[in-house]
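Written out below as structure tokens is the structure these notes cover.
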Amino acid sequence: MNPKDFLISAAGVRMPLIIYGTAWKKDNTAALVEQAITLGFRGIDTACQPKHYNEAGVGDGVAACLRRGLGRDELYLQTKFTPLSGQDPAQVPYDSKASLDEQVAQSFKTSLKNLQTSYLDCLVLHSPLADSQQTLEVWRAMERIFHSGGAKQLGISNCYDLHQFEGLYRSAEVKPAVIQNRFYAETQYDRQIRDFCRQQRIVYQSFWTLTANPGVLAHATLHGLAEKYRRSTAQVFFRYLSQIGIIPLTGTTSESHMRADLAIFEFELTSDECNAVGKLL
């Protein structure tokens, strides 16, 4: 990826403008991560949540690329602390009876081992907890990891309530640098949250970006732009998002789709074209 295919977060972390997502890859995780990095992806998203992610497989895929000469500093590795409510009771990666503080510490230690790394580029809270006090307790534990140098920045995922997000932002000593949410019509595409993100220089990451938006991808506006640039409508949509400061996740298992996703930086939409796509959201 080119230097222009990255942004610098408010925390000073270099982030690629498209990230490879590793959920639901199971035994194919290592091979797919290795393939994604080999093709040019420099951002990898995972979670310490065996229910949906094979985090150790991500680590194996990354390690294979590092052995071939890629520098760890060339990669953006992001994982998550998943609260107990989001874990499979049969395979919780920490002591479920421990304090929240200890759960975060244990999960982080497991992630470093799984990913075969000494630090994370971003540690994300996978979802808010049952109440704001518990959420803040977990955030304080994540802040300790940040201060120890274990994570370069912090973020939160699956947070769709602006009031809740603003509350965390106000209470946090280490401000969230990232929010990662589903990007779809049911939440009005997080317009208010994204406005807040722009004001505070928080990076908005989108997932479920293509799957949840068949109507947008089928719209004549995208088809017209796809024809003009000789690209797919998915490429046009991803390019639009990257140009307005959203980092999309892609979880494709197809080599051709991986190449197409990385090729979005080979063309650029005009401001009028961006405005036209924006009217669909």
Counted residues in the range 238-260 being in contact with a strand residue (DSSP E or B) (Cβ under 9 Å, 6 or more places away or on another chain), of a type outside the set (A, V, I, L, M) and open to solvent by less than 30 Å² (accessible area, probe 1.4 Å) come to 6
Restricting the range 119-143 to residues that are in contact with a Pro (Cβ under 7 Å, 6 or more places away or on another chain) and of a type in the set (S, T, N, Q), the one farthest from GLU74 (Cα to Cα) turns out to be THR135
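To keep it simple, each residue is scored yes or no on (1) of a type in the set (S, T, N, Q); (2) closer than 18 Å to ARG182 by Cα; (3) open to solvent by less than 60 Å² (accessible area, probe 1.4 Å).
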| residue | (1), (2), (3) |
| --- | --- |
| LEU120 | no, no, yes |
| LEU136 | no, no, yes |
| LYS152 | no, no, no |
| ASN158 | yes, yes, yes |
Within the bounds of the range 49-64, is there any residue that is under 19 Å from ILE145 (Cα atoms), hydroxyl-bearing (Ser, Thr, Tyr) and either surrounded by 14 or more Cβ atoms within 10 Å (Cβ to Cβ) or within 18 Å of the chain's Cα centre (by Cα) (or both)? no
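A quick yes/no check of all residues on (1) at pLDDT 95 or above; (2) within 18 Å of THR82 (Cβ to Cβ); (3) assigned to a loop (DSSP other than H, G, I, E, B):
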site	(1), (2), (3)
PHE108	yes, yes, no
LYS113	yes, yes, no
THR117	yes, no, yes
TRP139	yes, yes, no
ILE156	yes, yes, no
ARG170	yes, no, no
PRO176	yes, yes, yes
So is LEU66 touching a helix residue (DSSP H, G or I) at 6+ places or on another chain (Cβ under 7 Å), closer than 26 Å to GLN200 by Cβ and at pLDDT 95 or above or not? no
Of the listed residues (ASP101, ASP121, ASP131, ASP95), the one being under 22 Å from PRO16 (Cβ atoms) and of a type outside the set (A, V, I, L, M, F, W, C) is ASP121
Scanning the range 1-51 for residues that are touching a residue at least 24 places away in the same chain (Cβ under 8 Å) and among the β-branched types (Val, Ile, Thr) gives VAL13, ILE18, ILE19, THR22, THR29, VAL33, ILE37, THR38, ILE44, THR46
Subset of the range 245-275, residues in contact (Cβ under 8 Å) with a residue 60 or more places away in the chain and in contact with a Lys or Arg (Cβ under 9 Å, 6 or more places away or on another chain), comes to GLY245, ILE246, GLY251, THR253, ILE264, PHE265
Query raised in the report: Would the range 73-88 turn up any residue that is open to solvent by less than 40 Å² (accessible area, probe 1.4 Å), closer than 16 Å to LEU125 by Cβ and of a type in the set (D, E, K, R)?
Result: yes
Kindly evaluate VAL104 against the criterion of being touching a residue at least 12 places away in the same chain (Cβ under 8 Å), β-branched (Val, Ile, Thr) and closer than 17 Å to TYR169 by Cβ.
no
Check whether at least one residue in the range 105-113 is under 18 Å from the mean Cα position of the chain (by Cα) and under 19 Å from ILE19 (Cα atoms), and report yes or no.
yes
Heads up, the strands (runs of 3 or more DSSP E) in the range 1-46 (entirely inside) with at least 1 residues that are out of contact with any Leu (no Cβ under 7 Å at 6 or more places or on another chain) and open to solvent by 30 Å² or more (accessible area, probe 1.4 Å) are 6-8, 14-16
Practice problem: Answer yes or no as to whether ASP190 is under 23 Å from SER157 (Cα atoms) and either at pLDDT 95 or above or not aromatic (Phe, Trp, Tyr) (or both). | Solution: yes
Exercise. In the range 215-237, is there at least one residue being modelled with pLDDT of 95 or more, open to solvent by 40 Å² or more (accessible area, probe 1.4 Å), closer than 23 Å to MET15 by Cα and not aromatic (Phe, Trp, Tyr)?
Worked result: no
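The values are calculated or read from the model by the stated rules, or taken from the named source; none is laboratory data. This one's a predicted model, so the numbers in the text were calculated from it and none came from an experiment. When we count neighbours, we look across all protein chains shown, and the Cβ atoms used for this are built from the backbone with ideal geometry, even at glycine. Please note that ligands, DNA and RNA were not included when accessible areas were found on the heavy atoms of the full protein model with its side chains. Shrake-Rupley method; radii C 1.70, N 1.55, O 1.52, S 1.80 Å.
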